[in-house]
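The values are calculated or read from the model by the stated rules, or taken from the named source; none is laboratory data. Keep in mind that this is a model prediction, so the values were computed, not measured. FYI the Cβ positions are ideal-geometry reconstructions off the backbone, even for glycines, and counts take in every protein chain you see. What goes into the accessible areas is simple: the full protein's heavy atoms, side chains included, and nothing from ligands, DNA or RNA. Shrake-Rupley method; radii C 1.70, N 1.55, O 1.52, S 1.80 Å.
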Amino acid sequence: MAIPHPAPLSGASYSAVELAPSDDLVWMLDQRQLPHEERYVELRDAAGVAEGIRAMVVRGAPAIGIAAAYGLALEAHALAGAPADRFVAAMRAAGELLAGARPTAVNLRWAVEQVLGTVADLAARDDRARVIAEHARGIHRDDVAACRAMGAIGAKHLPDRGTVLTHCNAGALATGGYGTALGVIRAAREAGKEIRVLSCETRPYLQGARLTTWELERDGVPVELITDGMSAHFFARGEIDAVIVGADRVAKNGDVANKIGTYGHACLARLHDRPFYVAAPRSTLDPATPTGAAIVIEERSSDEVVRIGGALIAPHGVHARHPGFDVTPARLVTRLFTEIGEVPGERAFELMR
Ligand code: MRU
């Protein structure tokens with residue numbers, strides 16, 4: 001089904017998340033159904049948005065931050081007529097609920113704090129819900145602009161012709177639109193570079209197989225799918241020119257948390273003398289987390305590993321480990337691209353707020 005929003009901020013014909021013009025409804029593209037079905041779910045309160053984030057209806061660090069900001073806009077709308085003190089308390093409670101929905105991507109808490117930082121000053125105003133909705137839309141617009149800016153910065157590093165490996169989905173579906181890692185690839189292609197993509201399937205949630213291939217094929221970007229374990233083979237054969245991924249949190253020392261499996265590709269890139277690039281907006285950079293060791297890694301259910309599409313692939317009763325993310329040490333990050341500039345991974349702190 002086509003996106004119901006009359007003018008999506010994503011700038012594309014689909015969007016991970018949008019706030020309706022009436023400010024009382026959020027549309028989320030149900031990414032659990034892709035690539036088979038393009039279906040939008042309607043959410044009417046902050047609790048529903050928090051559940052959508054937790055259940056990964058929407059996923060990807062910037063996109064869940066935007067969704068949380070929209071969740072707070074719904075809450076503000078629902079609190080019409082509430083006295084100022086009750087408004088502030090209810091907004092803070094909704095913020096905690098939203099920020100706690102997933103632990104690793106710092107964009108989630110960052111976006112919640114951006115909005116909550118204004119509520120005390122707005123609480124006595126008649127137009128507070130409208131102002132908060134516009135603030136949330138501003139976070140969304142800024143993210144699309146950041147993706148385009150880092151795309152232009154990163155594209156210069158890609159070869160005129162070559163193959164880029166990516167892991168997970170750091171595209172339009174994971175952001176306000178355009179994408180971080182996939183934004184760099186889009187920008188390179190818009191600049192006339194002949195970039196092909198190897199997309200790792202990204203076990204167990206299959207963001208690479210289901211989402212990255214879906215959005216790149218829609219844009220006519222040549223993409224081939226590989227299983228995660230195949231990347232060493234293609235590095236060894238000289239078939240990968242560069243790796244580019246997104247991030248869920250970049251610690252002060254430049255260590256990068258991203259989807260489980262990323263670290264292995266970074267090691268292989270170093271072994272085979274290929275650049276490993278990370279593209280992320282500054283909302284992903286976290287000066288409050290000193291090193292990667294301090295990043296909370298989300299543990300997801302064993303069931304997501306032992307089943308594929310509902311079918312059990314391991315003996316009944318086997319328990320699986322399921323960390324959702326891993327940490328790539330800063331020294332393996334050749335360049336970090338953000339909307340304001342680029343640095344080697346170990347100098348990430350120079351780009352932090
Ligand atoms: O569990 P997910 O799908 O939310 O994980 C997403 C990733 O790891 C992405 O690579 C990251 O959020 C960057 S998205 C621009």
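Worth pointing out:
- Using R0 = 41 Å, the C-beta based FRET efficiency linking Phe349 and Ala311 works out to 0.35.
- Stokes-Einstein diffusion for segment 1-152 at 37 °C, viscosity 0.692 mPa s, with a Kirkwood radius from C-alpha pairs, works out to 215 µm²/s.
- In terms of packing, defined here as the mean over residues of other Cβ atoms within 10 angstrom, the peptides 283-296, 32-45, 304-317 line up highest first as 283-296, 32-45, 304-317.
- Gyration tensor analysis over the Cα atoms of segment 300-345 returns equivalent ellipsoid semi-axes of 38, 12, 7 Å (largest first, whole Å).
- The chain - accessible surface per residue (Å², probe 1.4 Å): 39 Å²
- Rg(Cα) / (2.2 N^0.38 Å) computed for the chain, rounded to two decimals: 0.96
- For the chain, relative contact order (Cα pairs under 8 Å, six or more residues apart, normalised by length) works out to 15 percent.
- Fraction of accessible area attributable to carbon and sulfur, the chain (%, probe 1.4 Å): 52 percent
- For segment 315-329, Karplus couplings with θ = phi - 60° (6.51, -1.76, 1.60), whole Hz, Gly/Pro x: x, 3, x, 5, 9, 10, 7, 8, x, x, 9, 10, 10, 9, x
- All aspartates and glutamates inside 16 Å of Lys259 as judged from Cα atoms, apart from same-chain residues fewer than 8 positions distant: Glu201, Asp228, Asp248, Glu298, Glu299, Glu304, Asp326
- q = 0.11, 0.24, 0.25 Å⁻¹, segment 1-72: log10 I(q)/I(0) [Debye, one scatterer per Cα]: -0.21, -1.10, -1.20
- Ordering 11-18, 162-169 by mean Cβ neighbour count within 10 Å, with the highest value first, yields 162-169, 11-18.
- Value of [θ]222 nm, deg cm²/dmol, for the chain, DSSP H segments ≥ 4, -39500 (n - 2.57) each, nearest 500: -11000 deg cm²/dmol
- Measuring how big segment 230-338 is from its alpha-carbon positions, Rg and Dmax come out at 15.9, 45 Å.
- Hz values of 3J(HN,Hα) by residue in segment 80-89 - Karplus curve (6.51, -1.76, 1.60), Gly and Pro given as x: 3, x, 6, x, 4, 5, 5, 4, 5, 4
- Report note on the peptides 192-203, 48-59: ranked by the mean count of other C-beta atoms within 10 Å, highest first, their order is 48-59, 192-203.
- Bins of 10 Å from zero: percent of alpha-carbon pairs in segment 142-245: 17, 52, 29, 3, 0
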